[in-house]
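First the structure, which I've put down as structure tokens, then a few questions once you've had a look.
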Amino acid sequence: MNRLRRLLAENAVVLLFAALIAAAIPLSGAPPLYLLQEVLTRLGRNAVLVLSLLLPVMAGMGLNFGMVLGAMAGQIGLILVTDWAIVGLPGLTLAAMLATPVAVLLGWLCGAVLNRAKGREMVTGYILGFFVNGLYQLVVLYAMGSLIPMLNPELVLSRGYGVRNVINLTGVRQVLDRLVPARIGGIQLPVFTYALIAAMCLFVVWFRRTKLGQDMRAVGQDRAVADAAGIPVERTRILAIVLSTLLACYGQIVFLQNLGTLNTYNSHEQAGMFSIAALLIGGASVTRASIPNVLVGVVLFHLLFIVSPTAGKNLVGSAQLGEYFRQFVSYGVIAVALVLYAWRKQAGEQQARAALRGPGVGT
Amino acid sequence: MSRTRRRAFLRAALLAGAVVLGAWLARTGRAHTLFLDNAAVTLGGQEHPAPGAVEVSLDGGKPEVLEQAERAMRQVVGPVHRLAIEVRQGPGGPRRVEREIRLPFGWDAAVVSLPAALAGAPAGAVVTRWQPPPPEDAPAEQMIQQKDADVLPQR
Amino acid sequence: MSGARRLLAEFGLPRVIIALFLLGLFAAAPLVGVSLAASLSDTVVRFGMNGILVLALVPMIQSGCGLNFGLPLGVLAGLLGATLSIEIGLTGPGGFAAAAGISLGFAALFGLGYGVLLNRVKGGEMMIATYVGFASVMFMCMAWLVLPYRSPTMIWGFGGEGLRTTISVEGFWLRVLDDFLSVRIGEEFRFPTGLLLAFGAAAALVWGFFRLRVGTAMTAAGQNPVYARAAGVDVDRMRTLSVVLSTMLGALGILAFQQSFGFIQLYQGPFYMAFPAVAAILIGGASVSRASLVHVLVGTFLFQGILTMTPSVINSVVKADMSDVVRVIVSNGMILYALTRRPAEGR
Amino acid sequence: MKTRLAALAPLTLAVLLALPGPARAAARYHIGVITGTVSQSEDDLRGAEALIAEYGDVKGGGMIQHLTYPDNFMTEQETTISQIASLANDPLMKAIVMNQAVPGATEGFRRVREARPDILLLAGVPQEDPLVISSVADLVMRNDFVSAGYRVVWTAKQLGARTFVHISFPRHMSVETLTRRRMIMEQAARDLGLTFVFETAPDPTSDVGVVGAQQFMLEKVPQWVRKYGKETAFYATNDAHTEPLIKQVVEHGGIFVEASLPSPLLGYPGALGIDLKAEKGNFPAILKKVEAAVVKKGGTGRLGTWAYSFGYCATAGMGQHAINVLDGKSKMTSMTDLFQAFGKYTPGSRWGGAWYVDASTGVRLKNFALLLQDTYVFGRGFMKSAEIDVPEKYLKIQSGLRKRP
């Protein structure tokens, strides 16, 4: 009984979500085949982005809101290859290669900034996203076409500089997803993308066992102890963010090749918010996140996203109410997920205190 | 070699490798628009008339029939392509010409002159860079007004 | 470290830089054809409008709940008060007072629930507050549509039901605070005496509160909860009280804002309300765990000054549509600077 | 205890959610209509409601399936795309009308095309590049932004303007249609003897939000009036900027020809606090009431709009056009047939239109219609601006005013 309760408590967020979705699916009236297809597509689209959050959590830096920096780097790569008309798999690979140095640089900047804001990394990362967004606009809206020569007039505004607000990625659209075509019973499977995600997962698993990965975990558990043990704390934290930014950069490229269009000035903005929400819904916490959390989270979060507009509409009978309902639910459940986690943590601390029978330990 | 030097060397090699790979990717992935032009051309004072009804295929793809003075648009990827032209009828009689065309990296779009290719003209005459027409020649919007008879009376 | 440098560090290099930057903008304004008097007037009005909203952050910071990213909750209470007051049809100062009264009621209620919630999630307040704020804004979006408001000035002109996105307070209590004893100097400078008095009164109240026994207890609960508990302070109660206070100030803040602004902004309007306030107090030199009235005053003035001056001046200098991007970089850059200062407290 | 609570929550929700179920349909075919929410674009949504009132909701056995795209459509493109794509699940779905076609529309349409090539796709007021959206949609329609560049300035001159102030911000200036209109306005103003001024206002979707953007306008418009004089015409590219602009122009002087998406419902009721409940759905009556309010505040001959809301006509008109095409009564890309559908919602008003020509490539898009109505100036009447001949040179303006920063 006790064990069952613990199990329930530990997976409360996931269970809550699963129940909510189970209730919403029949209400939305969406055909199951469509749901399956959408979820499988979205899994391929979003998994890498969400994966990029794992390493900073391990290093005790919380959820990396600075991952939008990586997303921006990825977009710069895509803008450039679209401008040069490099298409297909070579185009996508080149975009990733071009974005890599940008992502590393931005990641290093982000890590250095976060090192100066220990204890409030999440909020700082959030604001850093806004700040770098300004720099990004400066580059894409003013430097491209004037300082950085652009070849393709279809990308440049007719005033002569600045990139148009929507870029059609026809050249690289779904090249990963369709590289190994597979159709099972009317369901299209992005096999190659899945392989890529699997490879990234393996990378994360392998990385955790390396010396650097162990160091990161040590830093995440206790900075002072890690420091005493001779681990370069600051450097390790920066590396965690650099890797995360790099993964986010590749993640955004995978995301956009599936979407097929790039909102030049906005595509990156929600990348952080939605990935973090997905990870939390998958049962992760600010201090503990694993690969199953990523996969479960993406599936649950996106199922909710797919069914809630129509479910909301059918429930309250008006399209606009349905839209607000969807947003209410998606923000609300993130809040609930965070609250449940915090409750559990406090309960755990109380238990630990009781077990110690010592004086209260300050948190 | 000391460890640091070996490391520096390794890094330089890695960087060079990445640059080479990037350049190769850019070259092979570059998309071009080709206008296959079956119109008469004058090369070095000599006129090459356009043959009637030719079958053109690129890189062994599906052939397309082009009548005299017709133009086809194709999207191709990469620098080197095989152009195959099969003339059904015309001044020179039925024949088949195959030749390789090379596209410079910087060209977004190129015009391939089929008569020039048939005549065995040098590459510079067969493949030329496409230039967009000047804006003065661009058409402008033409206004259309609703007929008064179609306007519903006001409530 | 030499004495002078330490002094500078105390006051904060960022504030010196920002103040100099703002001064530069003011100096440059007449040169590029931007009216100095009007700009100053705008800055002062904005200072008054936003002051109470920024002030609302102080209690929660002091009690150790961090930055109140859940400020939209207070704002929503204010919106409820404002719309209900208009619905009843009250105008003038009476209408404003009624709006304030109703808002405070709602704010106390919301704050209580929110405070109890935050007590159970110690350590994760800021993130949770952000999402609680977002979710409550979306919830109220639905409410605005379905609540049975009837006043024709507020509901959709065409559909005949649901509240509009923006509601004009003209004819109700437009500038009731601004115009109270307001002074006009020259053509373009207007001094909103009443507004600043209201802000001053609110600030004085908060100042007074923290001089009371309960106020010092609240500060103690924030600075060192273990010690406070040992000294007999009910930390949880102090935290709840601070959240209630913050929410109530937020409600009053939005009312002061609206009467000057002239419109009530519903739906997504309150969504990002917390960010400018947080930015202002951080620029003023507050940290996540320590804030004073000086921080509020300095921060609000600097932040709103930059917000007013950057677009007009930079736009005139650069002669391109670049100023908005520059503003985004400058203001977020400053928040970042404030966040990354190595704080004296903590590790 | 906590665990039990956590387990109870989903149960309650499930019970709450499971009450009503979707009903089965009985219409011959269905039309999907996607608009913004009431807070984002009221007029568009009211057009959809007009269609539902006439043809019935799919849920009640009617023809119209209405959905909305997110308020934060610029960032939640994924949602927009799957909203569009989800309509293709309905086997009876025969046409999709999207107004406004916010970014993501192209990709959404593409997915519908792949799954169901038989569905007609209509896009109103696209925010993506014309060349992009017209490559997948059967019909694209928006108000005539090309000739408006000239007409608005011309009308401003008729109203006595000496200066023309164009208010926008970077994100909007990154939209080809808006930038091109601005270029035309600048040239037209110069030729007609007006001074052209570009002013920047904060982007309402940025961190300052709608509130900050509107506050900026409230503060700046009186200053601009003082700086440039009362004979100044103001033009804003964003709807959120328009409401405070109208309010301040009425109060402090200046001229306001029309909004970017003209409608008597846009800005005026909110700015002037007008109650339109009794006039619900009756545009001539709405116009009269707004006019009375503007005139009373001393705005005679200074402020204008279109007699019928463009957003409302766009949703309803395109929905009607789709029905006409499906019934075999109309041709998709016939301008006169399009006028017919739109005219149903604008009795007494005449439409004009043109097929769009992309300025940078010279391609004429025969499925991209630009429509316009006459400008109505309060206290003065129709300006006949829809009937003037726009010199061709303005229609060809593209990067002629190319500038380097």
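Quick check on the stretch C:23-39: of everything there that is among the aliphatic types (A, V, I, L, M), more than 12 Å from chain D (Cβ to nearest Cβ) and open to solvent by 20 Å² or more (accessible area, probe 1.4 Å), which residue is farthest from C:Val313 (Cα to Cα)?
Out of the qualifying residues, it is C:Leu23.
Right, next: How many of the residues making up the stretch C:107-133 are more than 22 Å from C:Leu177 (Cα to Cα) and either in contact (Cβ under 8 Å) with a residue 60 or more places away in the chain or touching a His at 6+ places or on another chain (Cβ under 9 Å) (or both)?
Total meeting the criteria: 15.
Hey, could you check the stretch D:367-399 for residues that are modelled with pLDDT under 85, farther than 29 Å from D:Gly301 by Cα and more than 8 Å from chain B (Cβ to nearest Cβ) and say which is surrounded by the fewest Cβ atoms within 10 Å (Cβ to Cβ)?
Checked the stretch D:367-399; the qualifying residue surrounded by the fewest Cβ atoms within 10 Å (Cβ to Cβ) is D:Lys393.
Further question: Within the stretch B:12-34, can you find the residues that are within 13 Å of A:Thr93 (Cβ to Cβ) and more than 7 Å from chain A (Cβ to nearest Cβ)?
The answer is B:Leu21, B:Ala23, B:Trp24, B:Arg27.
A further question on this structure: Under the condition of being open to solvent by less than 10 Å² (accessible area, probe 1.4 Å) and assigned to a loop (DSSP other than H, G, I, E, B), which residue from the stretch D:261-273 is farthest from C:Gly171 (Cα to Cα)?
Step by step, filter the stretch D:261-273, then rank; the result is D:Pro262.
For the stretch A:115-155, enumerate the residues that are under 22 Å from D:Leu131 (Cα atoms) and open to solvent by less than 20 Å² (accessible area, probe 1.4 Å).
Those that are under 22 Å from D:Leu131 (Cα atoms) and open to solvent by less than 20 Å² (accessible area, probe 1.4 Å): A:Val140, A:Leu141, A:Met144, A:Gly145, A:Leu155.
I've got another one for you. Could you check the stretch A:175-246 for helices (runs of 4 or more DSSP H) lying wholly inside it with 3 or more residues that are open to solvent by 40 Å² or more (accessible area, probe 1.4 Å) and within 20 Å of A:Thr100 (Cβ to Cβ)?
A:191-209
In addition: Can you work out which of the residues in the stretch D:270-291 that are more than 8 Å from chain C (Cβ to nearest Cβ) and under 13 Å from D:Tyr312 (Cβ atoms) is modelled with the lowest pLDDT?
Step by step, filter the stretch D:270-291, then rank; the result is D:Asn282.
Hey, A:Tyr142 hits all of (1) assigned to a loop (DSSP other than H, G, I, E, B); (2) within 8 Å of another protein chain (Cβ to nearest Cβ); (3) among the hydroxyl-bearing types (Ser, Thr, Tyr) but one; which does it fall short on?
Exception for A:Tyr142: condition (1).
Filter the stretch D:83-99 for residues that are among the polar types (S, T, N, Q) and touching a residue at least 24 places away in the same chain (Cβ under 8 Å); which is surrounded by the most Cβ atoms within 10 Å (Cβ to Cβ)?
Restricting to residues being among the polar types (S, T, N, Q) and touching a residue at least 24 places away in the same chain (Cβ under 8 Å), the top hit is D:Asn99.
Only residues that are more than 24 Å from D:Pro262 (Cα to Cα), open to solvent by 20 Å² or more (accessible area, probe 1.4 Å) and part of a helix (DSSP H, G or I): list them for the stretch D:38-62, please.
Selection gives D:Glu54, D:Tyr55, D:Lys59, D:Gly60.
Name the residue, out of C:Ala286, C:Ala280, C:Ala221, that is touching a residue at least 40 places away in the same chain (Cβ under 8 Å), open to solvent by less than 10 Å² (accessible area, probe 1.4 Å) and within 14 Å of chain D (Cβ to nearest Cβ).
Exactly one residue qualifies, and that residue is C:Ala280.
While we're on this one: Restricting attention to the stretch D:75-86, does a residue exist that is assigned to a loop (DSSP other than H, G, I, E, B) and more than 26 Å from D:Asp327 (Cβ to Cβ)?
Yes - at least one qualifying residue is present in the stretch D:75-86.
What are the pairs, 6+ residues apart or on separate chains, where a residue within the stretch D:317-344 that is at the interface with chain B (Cβ under 9 Å from one of its Cβ atoms) has its Cβ under 8 Å from a residue that is small (Gly, Ala, Ser) and open to solvent by 20 Å² or more (accessible area, probe 1.4 Å)?
Pairs that qualify, where the first residue is at the interface with chain B (Cβ under 9 Å from one of its Cβ atoms) and the partner is small (Gly, Ala, Ser) and open to solvent by 20 Å² or more (accessible area, probe 1.4 Å), are D:Gln340/D:Ser330.
Those residues that are open to solvent by 40 Å² or more (accessible area, probe 1.4 Å), more than 14 Å from chain A (Cβ to nearest Cβ) and among the β-branched types (Val, Ile, Thr), I need them from the stretch C:74-132; list them, please.
Residues satisfying the conditions are C:Ile88, C:Thr91, C:Ile102.
Follow-up question, since we're still on this one. Determine whether the stretch C:172-195 contains at least one residue that is within 14 Å of chain D (Cβ to nearest Cβ), open to solvent by less than 40 Å² (accessible area, probe 1.4 Å), under 30 Å from D:Asn282 (Cα atoms) and without any contact (Cβ under 8 Å) to a residue 24 or more places away in the chain.
no
Residue check, D:Leu121 against (1) more than 7 Å from chain A (Cβ to nearest Cβ); (2) without any contact (Cβ under 8 Å) to a residue 40 or more places away in the chain; (3) assigned to a helix (DSSP H, G or I); (4) under 25 Å from D:Leu371 (Cβ atoms), all met but one. Which one?
Every condition holds for D:Leu121 apart from (3).
Where residues in the stretch D:331-359 are among the charged types (D, E, K, R) and assigned to a loop (DSSP other than H, G, I, E, B), which of them is farthest from D:Ala314 (Cα to Cα)?
Top of the filtered list is D:Asp358.
Also, quick follow-up: So is C:Val206 of a type in the set (Val, Ile, Thr), open to solvent by less than 30 Å² (accessible area, probe 1.4 Å) and within 24 Å of the chain's Cα centre (by Cα) or not?
It is true that C:Val206 is of a type in the set (Val, Ile, Thr), open to solvent by less than 30 Å² (accessible area, probe 1.4 Å) and within 24 Å of the chain's Cα centre (by Cα).
Among the residues that make up the stretch B:103-111, is at least one of them more than 23 Å from A:Trp84 (Cα to Cα) and assigned to a strand (DSSP E or B)?
no
From the set of residues in the stretch B:94-112 that are under 17 Å from B:His48 (Cβ atoms) and touching a helix residue (DSSP H, G or I) at 6+ places or on another chain (Cβ under 7 Å), which is farthest from the other protein chains (Cβ to nearest Cβ)?
My answer is B:Val97.
Picking from D:Lys230, D:Lys220, which residue would you name as being assigned to a loop (DSSP other than H, G, I, E, B) and over 23 Å from the mean Cα position of the chain (by Cα)?
Criteria check complete, one pass: D:Lys230.
Right, next: Does any residue of the stretch A:112-123 turn out to be at pLDDT 90 or above and either within 19 Å of the chain's Cα centre (by Cα) or within 14 Å of chain B (Cβ to nearest Cβ) (or both)?
yes
What single numbered condition from (1) more than 9 Å from chain D (Cβ to nearest Cβ); (2) part of a helix (DSSP H, G or I); (3) of a type outside the set (Gly, Ala, Ser) fails to hold for A:Phe65?
A:Phe65 satisfies all of (1) more than 9 Å from chain D (Cβ to nearest Cβ); (2) part of a helix (DSSP H, G or I); (3) of a type outside the set (Gly, Ala, Ser) except (2).
Another question about this same structure. Report, by residue number, each residue of the stretch D:161-214 that is under 23 Å from C:Thr310 (Cβ atoms) and of a type in the set (Lys, Arg).
If the condition is that a residue be under 23 Å from C:Thr310 (Cβ atoms) and of a type in the set (Lys, Arg), then D:Arg171, D:Arg182 are the ones that fit.
Let me ask something else. At least 3 residues that are open to solvent by less than 30 Å² (accessible area, probe 1.4 Å) in each: list the strands (runs of 3 or more DSSP E) lying fully within the stretch B:15-71 that qualify.
B:31-37, B:54-58
Restricting attention to the stretch A:91-111, which residues are surrounded by fewer than 24 Cβ atoms within 10 Å (Cβ to Cβ) and over 19 Å from A:Gly134 (Cα atoms)?
Within the stretch A:91-111, A:Thr93, A:Ala96, A:Met97, A:Leu98, A:Thr100, A:Pro101 qualify.
The values are calculated or read from the model by the stated rules, or taken from the named source; none is laboratory data. Fair warning: this is a prediction, and the values are worked out from it, not measured in the lab. Cβ atoms come from the backbone with ideal geometry, glycine included; neighbour counts cover every protein chain shown. Just so you know, the surface numbers come from the protein's heavy atoms only, side chains and all, with ligands and any DNA or RNA stripped out. Shrake-Rupley method; radii C 1.70, N 1.55, O 1.52, S 1.80 Å.
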